[in-house]
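Below is one structure; the comments refer to it alone.
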Amino acid sequence: MIVLTNEEAQALDRRTIAAGTPPETLIERAAARVVEFLEARFHLHQERVAVVSGKGNNGADGREVERLLRERNVRIVDESPTLIVDAVLGIGLRGEARGEALERIRWINDQGAEVVAIDVPSGLGTGGEHVHATATVTFNVLKPVHVLPPWCDFCGEVVVTDIGLLPATSDLTQIDPPQFAPRARGAHKGDFGHVLVIAGSPGKNGAAAMCGIAALRAGAGLTTVSAPVSSIYPELMTCDVDQLPLEGKTIVAIGPGLGVRPELVRPLYAECPLPMVIDADAITALGGWTLPPPPAPRILTPHPGEFARIAAPVEDRVADARAFAQTNRVTLVLKGQRTVVAHPDGRVAINPTGTPAMAKAGSGDILTGMIAGLYAQEPGETAVEQAVWLHGRAGELGAVRWTERCLLATDLLDFVPHAIRSAH
């Protein structure tokens, strides 16, 4: 799903109107989509509904919503609402909300009612006070406030509806749920790639095991790990870290629990002809070193602290990730709330899945293995985005079972199949 800035979205509206769609028609369509959502989500005839409209296009949408609700004999009130439609301010706002608009925003937030925002919660993203929405109904494309923290936390459920705007393109997207085709009936393990995991060290071999089994759980046919982990997971083959068997492998995952070993990591980064997923200690080993042009795809998966070791402290997650990926010709997975996946050509994808339950040791090791496992089956940048989405979705489903406090990284493995099913 593409993401447009507010200015780009406004330009799209103008192009659609110039192409022959009257603005009144867009307002009618937008209002109809909002009412359809309200009818599907609420028992409207049991609600006391307040439609709070401002000026401009957003206010016009709100007034049309109110007209449609009155036609349906929905109870419209000024006081003590149970449901509020927020149409005070749209994406055209410049600066913080003030005056009557600010008073309306405060009134909406004070009611304790369910709030459905039209397009964006009023005032959100301006640095000032804004509506806290239960849900947001937007049109054709997403905007940055829908997908990036901290603003996305105030949008509630975001529903994208079609009002007939012209097609648009963007180098910023939100990752869509992945779809996987059924495997051929005659398939065998050699069809799905062989992952080499270079990970683990005394006291940290669990990280290597988690990474290796995550690659298998993601669907890789075979996985070899350079740590003595076969007693933990008998499905994993092992090898000696000083005699790495690259021949016959599809992709290398390096770093979890490895220890900081620049003498091992840097030559592999510069010379290994296989794609590599680079995480944890392997990222730290690259710090203070100018990354050479990679001979094959390189996928780096730092959290913000690790990113600061190879670049600089994160100031703008999207811009910083994009610049690093383009400069170094790598795919960068900048982990955290709404993980950012930046590609060498400047495209950036935002991941909508995940939960604070995943703030637990080992979660990143699982992600590294999942990326390698999916890439081994279908090499390409899409595999990286799919793995990030599935990893976050597994965390969401696991948190329902184990709560945000009790989820373990290894629990994610059990919920990867459920995450795949939920994407279909």
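The values are calculated or read from the model by the stated rules, or taken from the named source; none is laboratory data. These numbers come from a predicted model, not from an experiment. Using ideal geometry, Cβ is built from the backbone for each residue, glycine included, and neighbour counts are taken over all protein chains shown. Note: areas computed on protein heavy atoms with side chains; ligands, DNA, RNA excluded. Shrake-Rupley method; radii C 1.70, N 1.55, O 1.52, S 1.80 Å.
Tell me which of these Val158 doesn't satisfy, since it passes every other one: (1) closer than 23 Å to Arg41 by Cβ; (2) part of a loop (DSSP other than H, G, I, E, B).
In the conditions (1) closer than 23 Å to Arg41 by Cβ; (2) part of a loop (DSSP other than H, G, I, E, B), Val158 misses (2) alone.
On the basis of being closer than 30 Å to Ala32 by Cβ and not aliphatic (A, V, I, L, M), does Asp176 make the cut?
For Asp176, the condition - closer than 30 Å to Ala32 by Cβ and not aliphatic (A, V, I, L, M) - is met.
Name the single residue that is modelled with the highest pLDDT among those in the range 35-58 being touching a strand residue (DSSP E or B) at 6+ places or on another chain (Cβ under 9 Å) and within 25 Å of Leu172 (Cβ to Cβ).
My answer is Phe37.
Against the definition (assigned to a helix (DSSP H, G or I) and open to solvent by 10 Å² or more (accessible area, probe 1.4 Å)), how does Leu268 come out, yes or no?
Yes; evaluated as a whole, the condition is true for this residue.
Since Arg104 meets every condition but one in (1) open to solvent by 60 Å² or more (accessible area, probe 1.4 Å); (2) assigned to a loop (DSSP other than H, G, I, E, B); (3) farther than 26 Å from Val341 by Cβ, which condition does it not meet?
(2)
For the structure I just gave you, tell me whether Asp110 is within 15 Å of Val3 (Cα to Cα), among the acidic types (Asp, Glu) and modelled with pLDDT of 95 or more.
It is false that Asp110 is within 15 Å of Val3 (Cα to Cα), among the acidic types (Asp, Glu) and modelled with pLDDT of 95 or more.
Within the range 74-101, take every residue that is touching a helix residue (DSSP H, G or I) at 6+ places or on another chain (Cβ under 7 Å) and over 16 Å from Val131 (Cα atoms) and give me the one that is surrounded by the most Cβ atoms within 10 Å (Cβ to Cβ).
Of everything passing the filter in the range 74-101, Val74 is surrounded by the most Cβ atoms within 10 Å (Cβ to Cβ).
Scan the range 133-152 residue by residue and report those that are farther than 23 Å from Leu26 by Cβ and without any contact (Cβ under 8 Å) to a residue 60 or more places away in the chain.
Thr134, Pro150, Trp151
Within the range 1-12, work out how many residues are open to solvent by 30 Å² or more (accessible area, probe 1.4 Å) and out of contact with any helix residue (DSSP H, G or I) (no Cβ under 7 Å at 6 or more places or on another chain).
6
Determine whether the range 31-48 contains at least one residue that is among the small types (Gly, Ala, Ser), in a helix (DSSP H, G or I) and either under 19 Å from Gly123 (Cα atoms) or open to solvent by 70 Å² or more (accessible area, probe 1.4 Å) (or both).
Yes, the range 31-48 contains a residue that is among the small types (Gly, Ala, Ser), in a helix (DSSP H, G or I) and either under 19 Å from Gly123 (Cα atoms) or open to solvent by 70 Å² or more (accessible area, probe 1.4 Å) (or both).
Out of Val318, Val314, which single residue is within 27 Å of the chain's Cα centre (by Cα), buried (at least 16 other Cβ atoms within 10 Å of the Cβ), of a type outside the set (Lys, Arg) and not in a helix (DSSP H, G or I)?
Sole residue among the options that is within 27 Å of the chain's Cα centre (by Cα), buried (at least 16 other Cβ atoms within 10 Å of the Cβ), of a type outside the set (Lys, Arg) and not in a helix (DSSP H, G or I): Val314.
Here is a yes/no grid of residues against (1) among the hydrophobic types (A, V, I, L, M, F, W, C); (2) under 30 Å from the mean Cα position of the chain (by Cα):
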| site | (1), (2) |
| --- | --- |
| Arg217 | no, yes |
| Ser226 | no, no |
| Gln243 | no, no |
| Thr250 | no, yes |
| Ala253 | yes, yes |
| Gly257 | no, yes |
| Tyr269 | no, yes |
| Leu274 | yes, yes |
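Six or more apart or on different chains, Cβ under 8 Å: which pairs go from a residue in the range 210-235 that's free of Cβ contacts under 8 Å to residues at least 60 places away in the same chain to one that's among the hydroxyl-bearing types (Ser, Thr, Tyr) and in a loop (DSSP other than H, G, I, E, B)? Could you list them?
Listed pairs, sorted by first residue: Ala227/Ser201.
Could you pull out the residue among Leu334, Leu300 that is in contact with a Pro (Cβ under 9 Å, 6 or more places away or on another chain) and buried (at least 20 other Cβ atoms within 10 Å of the Cβ)?
Leu334
Six or more apart or on different chains, Cβ under 6 Å: which pairs go from a residue in the range 26-55 that's over 15 Å from Ile76 (Cβ atoms) to one that's polar (S, T, N, Q)? Could you list them?
Arg33/Thr161
Considering each residue of the range 343-387, count those that are charged (D, E, K, R), outside any loop (DSSP other than H, G, I, E, B) and within 20 Å of Val318 (Cβ to Cβ), and give that number.
Adding up the residues that qualify gives 2.
Hey, can you tell me all the residues within the range 215-236 that are in contact with a Leu (Cβ under 7 Å, 6 or more places away or on another chain), in a strand (DSSP E or B) and under 18 Å from Leu413 (Cβ atoms)?
Correct list: Thr223, Val225.
Within the range 337-362, take every residue that is crowded, with 23+ Cβ neighbours inside 10 Å and out of contact with any Phe, Trp or Tyr (no Cβ under 8 Å at 6 or more places or on another chain) and give me the one that is farthest from Trp151 (Cα to Cα).
Looking at residues that are crowded, with 23+ Cβ neighbours inside 10 Å and out of contact with any Phe, Trp or Tyr (no Cβ under 8 Å at 6 or more places or on another chain), I get Met358.
Loosely packed, with under 14 Cβ neighbours inside 10 Å and more than 12 Å from Pro256 (Cα to Cα), is that true of Ala218?
In short, no.
How many residues are open to solvent by less than 10 Å² (accessible area, probe 1.4 Å) and touching a Lys or Arg at 6+ places or on another chain (Cβ under 7 Å) if we restrict to the range 374-412?
The total comes to 2.
Looking only at residues in the range 271-297 that are surrounded by 17 or more Cβ atoms within 10 Å (Cβ to Cβ) and among the acidic types (Asp, Glu), which one is farthest from Ser363 (Cα to Cα)?
This residue is Asp281.
Output the residue which, of all residues in the range 128-152 that are farther than 22 Å from Asp110 by Cβ, hydrophobic (A, V, I, L, M, F, W, C) and assigned to a loop (DSSP other than H, G, I, E, B), is least open to solvent (accessible area, probe 1.4 Å).
Step by step, filter the range 128-152, then rank; the result is Val141.
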